[in-house]
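Just below is one structure, and these are the notes that go with it.
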Amino acid sequence: MSQAPTPVRFKGTDTYLTHESLQAAVNCALTLQRPLLVKGEPGTGKTLLAEAIAEALGHRLLTWHVKSTTRAQDGLYVYDTVQRLYDSRFNDGDVRDIRKYIRQGPLGEAFSSPERVVLLIDEVDKADLEFPNDLLHELDRMRFRVTETGDEVVAKHRPVVVITSNNEKELPDAFLRRCVFHFIDFPDAELMRRIVDVHHPGLDGALAEQAMKIFYELRSFTRLRKKPSTSELIDWIAVLKAQGVHDIKMDEQLPFLGALLKKEQDLVSVAEAFGRGRRPRA
């Protein structure tokens, strides 16, 4: 395995705006060469963080989307027995060469890469409770053996690992001890305005202020089951611009509300609040 990389300080990118605490967490993980575990509500940029790190470091990004059925083994490799059986049945190729049917997973690809990569393991808490510890066991060893062929894959470089969690379940203490942790707070108004400026340069100042004011008012509505996120604010503003809307206010005529609220119950709750002649705060 290669020597530890020369420390590089992460400061965000032109399109991914960050703050000191998040920068410190990323740089801590880079220095210690440990996985960075990132939590936060949807829309706070957890997944995009890995893309930003890859861009800032000039590394290739590999993404592993975790499902409820995902096992750590799936990240290493998969033996495609179905394809081998198919080829055997129809005499399509030499089925004696098992290596043809070994498909590397994201971890296996990261280990085999001739250059250091950024590996995003997205929504780790969707898998069963054993998955996180099994995952870090493989990352600690940085090598694995392909049982079917006896080949050993040894990592050429330790990948930069970013792991996201939506807090759907508690993660094991042993897993947490081996990660650098950061919780991404939802952007305050100042940071959000900078984010809006990045995605909508030259946006009319009055429209930007009105949109953000309404956005945060909706987020303060305690009955919402899914609060609007940053990406939904960006999309909403894009629709307002495209439709030539220059003035908005918080009332029953609020345009394109479906771009912000994505659950029927939330739309009903807001409509009921407007019907009672008050702003949707409680």
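Against the longest principal axis of the chain, how steep is helix 230-242, in degrees 0 to 90 to the nearest 10, with axes from Cα atoms?
Roughly 60 degrees, rounded to the nearest 10.
Going toward the positive end of the dipole of the chain, with +1 on Lys and Arg Cβ and -1 on Asp and Glu Cβ, which of Leu240, Leu224, Gly202 do you reach last?
Going by the charge dipole, the pick is Leu224.
Once the other residues with Cβ under 13 Å from the Cβ of Tyr16 are scored (Lys, Arg +1; Asp, Glu -1), what is the net sum?
0
Kirkwood Rh over Cα pairs of the range 20-183 into Stokes-Einstein at 10 °C, 1.306 mPa s: D in µm²/s?
Estimated via Stokes-Einstein, D reaches 94 µm²/s.
Grab the other residues whose beta carbon is less than 13 angstrom from that of Ala52, score K and R as +1, D and E as -1, and report the net.
Net charge in that neighbourhood comes out at -1.
Pairs of Cα atoms under 8 Å, at least six residues apart: use those to get the relative contact order of the chain, whole percent.
Relative contact order here is 22 percent.
For helix 46-57, what angle does its Cα long axis make with the longest principal axis of the chain, in degrees from 0 to 90 and rounded to 10?
The angle comes out at about 60 degrees.
For Lys11, go through the lysines and keep the ones whose alpha-carbon is under 17 Å away, minus same-chain ones fewer than eight residues off.
Reachable lysines: Lys46.
Average projected area of the Cα convex hull of the range 1-89, in nm²?
Convex hull of Cα atoms, orientation-averaged projection: 9.0 nm².
Considering the chain as a Gaussian network with a 10 Å cut-off on Cα pairs, which listed residue, Gly45, Gly205, Gly12, attains the greatest mean-square fluctuation?
Its mean-square fluctuation being the largest, the pick is Gly205.
Let me know the charge dipole size of the range 163-282 about its Cα centre in debye, to the nearest 20, where only the beta-carbon of Lys, Arg (+1) and Asp, Glu (-1) is charged.
340 debye
Once the Cα atoms of helix 20-32 and of the chain are each reduced to a long axis, what angle between those two axes, in degrees from 0 to 90 to the nearest 10, is obtained?
0 degrees
Once each part is reduced to its C-alpha centroid, what is the distance from the range 113-128 to the range 225-275 in angstrom?
Each part reduced to its Cα centre gives a spacing of 34 Å.
Per 5 Å bin, what percent of the C-alpha pairs of the chain does each bin hold, from zero upward?
Result returned by the calculation: 1, 5, 11, 13, 13, 12, 11, 10, 8, 7, 5, 3, 2, 1, 0.
On the principal axes of its Cα set, how long, how wide and how thick is the range 152-255? Give whole Å, largest value first.
62, 34, 24
Kirkwood hydrodynamic radius, computed over distinct alpha-carbon pairs, for the range 98-148: how many Å, to one decimal?
Its Kirkwood hydrodynamic radius stands at 12.6 Å.
Across the range 53-92, what fraction of all alpha-carbon pairs, as a whole percent, falls in each successive 5 Å bin from zero upward?
5, 16, 14, 13, 14, 15, 11, 5, 4, 2
Out of Asp94, Asp125, Asp188, any idea which swings most in a Gaussian network model of the chain, alpha carbons joined below 10 Å?
Asp94
What does the charge count near Lys67 come to, summing +1 for each Lys or Arg and -1 for each Asp or Glu among other residues with Cβ under 13 Å from its Cβ?
Net charge in that neighbourhood comes out at -4.
Going toward the positive end of the dipole of the chain, with +1 on Lys and Arg Cβ and -1 on Asp and Glu Cβ, which of Val66, Phe131, Leu257 do you reach last?
Phe131
Which one of Glu152, Glu109, Glu55 has the biggest mean-square fluctuation once the chain is modelled by GNM with Cα springs under 10 Å?
Result for the chain, Cα springs under 10 Å: Glu152 fluctuates most.
Bear in mind that the values in this text are calculations on the coordinates, not laboratory data. Keep in mind that this is a model prediction, so the values were computed, not measured. Heads up, the Cβs are rebuilt from the backbone with ideal geometry, glycines too, and the neighbour counts pull from every protein chain shown.
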